[in-house]
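Comments concern the structure below.
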Amino acid sequence: MNSNTKYELKTDSINAYNELANSDKKETFTISEYNTDNSEVENIKRPEKTIIRNLEIDTTQAFGIWTQNPDGPHADFWLTSESFYVADYDGDGAMPYILDENKITIFYNDFVQKGIITSTKNDTLKIKWSDFDVETKYVKFEN
């Protein structure tokens, strides 16, 4: 292959979206670990475990169980030093992530989600997800 060849991103036929930040169900096309039978598609590289470094946020305020809707039946996710655990996820909900300064990168099974944690104060967690135009506000889940 010559160096001028452009690479094309191949994706699953199923459209995926970030349900944690995306109330409009905006599509995000992804490469899935389920594409293992297609040798032309590179699967997502996930770290073996969560990486936390160069912190610019207070993790004692960030770690916890979070929801966008405090009156809802379940939380959206549980952020710990070990994983970003997605509630109501098909399969294993524990995702490894990288928290570097205030930037978070979550490695789902079939896509990578990036965001910037903008606030961890007053039992509120605000994240500006890279594929969403506004901050997403989460509150501590109390149910």
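Read the figures in this text as sums done on the coordinates, not as results from a lab. Please read these numbers as outputs of a predicted model, since none were measured by experiment.
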Cross-link pairs 114/137; 49/121; 45/126; 103/137; 45/140 - those with Cα-Cα distance over 24 Å
49/121; 45/126; 45/140
Past the 16 angstrom mark, what percentage of all C-alpha to C-alpha distances in the range 95-143 do you count?
45 percent
Rounded to whole Å, √(5λ) for the Cα gyration tensor eigenvalues of the range 39-140, largest first, gives 22, 17, 13
Can you tell me the relative contact order of the range 53-98? Whole percent, Cα pairs under 8 Å, sequence separation 6 or more.
23 percent
Amide proton proximity set for residue 102, modelled H, under 5 Å, gap of 5+
56
How much space per residue, in cubic angstrom, does the convex hull of the C-alpha atoms of the range 52-98 take up?
77 Å³
Tell me, what ³J(HN,Hα) does each residue in the range 136-143 have, in order and in whole Hz, if you take phi through Karplus 6.51 cos²θ - 1.76 cosθ + 1.60 with θ = phi - 60° and put x for Gly and Pro?
9, 9, 10, 10, 4, 7, 10, 5
Would you mind checking which residues have amide H under 5 Å from residue 84's amide H? H placed 1.01 Å from N; only 5 or more apart, or other chain.
95, 97
Taking θ as phi - 60°, what are the ³J(HN,Hα) couplings along the range 125-131 by the Karplus curve (6.51, -1.76, 1.60), each to the nearest whole Hz, with x for Gly and Pro?
10, 10, 10, 9, 6, 5, 9
